[in-house]
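Colleague: Here it is, the structure in full.
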Amino acid sequence: MDLESTYEIDRVAGFISVRALRRVALQFPDELLKDSARIVAALHEKLRSLNQLHAGSNGDAKDVKLYVMADTMYGNCCVDEVGASHANADCVIHYGHTCFSPTSTLPAFLVLGKASLNVPLCAQKLCEYTIKVGKPILVLYGLEYAHAVTEIKASVGAQAWCELEVHSADIMSPIITPSETFSSMNEQPELSDRQCANGCSTEENNASYCIGGLTWSLPVGRRMEDYLIFYVGSDDPAFANILMTYNACEIVRYDATEDLLVNDFSQQKRILKRRYFLIEKAKDASIIGILVGTLGVAGYLHMIHQMKDLIMRAGKKAYTFVMGRPNPAKLANFPECDIFIYVSCAQTALLDSKEFLAPVITPFEAMIAFGRGSEWTGAYVTEFRDLITSSPMEAKNQSEARFSFIQGGYVEDVEQQEVEEVEDEVSALVNITEKALRVRDKDSQTLMPGTAKSGAEYFATRSYHGLDVHPENNFPEPFLIGKSGRASGYKNETAQKSL
């Protein structure tokens, strides 16, 4: 496909010209940076012609400043509002794969791209596989294949031997405006039926669903489990999000690059078992770190405050970290945290933490781990905006012992603070530190290992205090024979000089 069609030069230039934007940030993932120079040149040329057309005179394309952004702080799928603000941009043009997460301050235009697809072969494989299932078909796809979905449905309908009930998802508008829903932290945010996140909403005649920029409706009385999901695209975070969210549905994926069907997702299904294990491990955690995985997705501040409130009501300690993309080396600097909660968009939330010192869970998993009476039924939520609209969970009762599957017995959670109300933060820190220093064994005078309730207590229990000298012991203490005195002149060197 040619450059102007793939990157929608005409639509992007029209978006900039109609809104009279003067400073525009162009966000590219690493794999598309090779085309950034040609895209900028094509946009300048198109904007120059639009200026001449509307102004009736020679327009200057330099009136619109274009800034190329790469190496985003967080995931490439999210609009990098922080990077755009460094250039004082009026909007962001996002190229490549996206999660369609709403922005907080800047408008954005999403250029999805167009990947090549063998439409007749895809339709043939769809019919050959799904005609044996006997279920209606719901076609979902990677956003780069949105341009070919209409042709796929037409090709399926043209085959007389293939009589299938085929439904397909539509793509949401590529224009994103800053969400006013989360503008105030003092109000409980609400989402309308058309602003659904990863969940569903019930309209007048049918149920509406949307995930990752795709939206569709089901007839009355139909559920997602009644459909076979036929996904067109690669095995990427977008597909993983669909696989986790609709794990009760039968799913088959068509790999367009290899022209083959994949229906064995046993490895991905095992991920659900591991996530359940992490939930049980989070229940035993005392110190929790909240990782900020986005600074642009609308509602992230509300979710951070919601997680802090949930952790505090569960009698645990919470710390907040902003560090860009987390990795084992970064998180190893905070060994006091037993577990981390990653607040990010739906397609980057499932962080594989096998190589990390402490597990990393999602806000949905944290609400199950720290909420009273909450049980995991198998349904999974990756979009934290769905959790914002849900009713808050009550913290577990700390006075009752619970059974820990990790430790294999009944345990008591962290004790409540001895003083419920503290005058200020300074006195609170002093009280915690003094309490940590008092946890000593009277015989050995060394700090006893135990479950730390705060970062200060954790570091107090792992501090090194040097050699312990016991004057009451009559036996000679072992010591190392070496040089003594000052480095400028040890005692043996001073004795030699005097001779």
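The values are calculated or read from the model by the stated rules, or taken from the named source; none is laboratory data. It should be emphasised that the depicted structure is a prediction, and the values quoted were computed from it without experimental measurement. Here the Cβ is made from the backbone with ideal geometry for all residues, glycine too, and neighbour counts use every protein chain on show. Remember, those area values only see protein heavy atoms, side chains included, never the ligands or the DNA or RNA. Shrake-Rupley method; radii C 1.70, N 1.55, O 1.52, S 1.80 Å.
Colleague: Please tell me the relative contact order of segment 1-120 in percent, rounded to the nearest whole number, where contacts are Cα pairs under 8 Å and at least six residues apart. Can you show the working numbers first?
Modeller: Values: 176 pairs, mean separation 38.8, N = 120.
Averaging sequence separation for qualifying contacts and normalising by length gives 32 percent for segment 1-120.
Colleague: Still on this structure, please answer the following. Return the FRET efficiency for the residue pair Glu151, Leu3: r is the Cβ-Cβ distance, R0 is 22 Å, and the value is rounded to the nearest 0.05.
Modeller: Using R0 = 22 Å, I get an efficiency of 0.50.
Colleague: Moving on to the next point. Using a 1.4 Å probe on the protein heavy atoms only, what accessible surface does Lys354 show? Give it in Å² to the nearest 10.
Modeller: Answer for Lys354: close to 140 Å² accessible.
Colleague: Please list Glu165, Glu151, Glu81 in order of solvent-accessible area, largest first, computed with a 1.4 Å probe with all protein chains present.
Modeller: Glu151, Glu165, Glu81
Colleague: Can you put Leu301, Leu110 in order of accessible area, largest first, using a 1.4 Å probe?
Modeller: Leu301, Leu110
Colleague: Taking a probe of 1.4 angstrom, what is the accessible area of Glu355 in Å², to the nearest 10?
Modeller: 150
Colleague: Per residue, how large is the accessible surface of segment 1-139? Use a 1.4 angstrom probe and give square angstrom.
Modeller: The answer is 46 Å² per residue.
Colleague: Taking a probe of 1.4 angstrom, what is the accessible area of Ser454 in Å², to the nearest 10?
Modeller: The accessible area comes out at roughly 0 Å².
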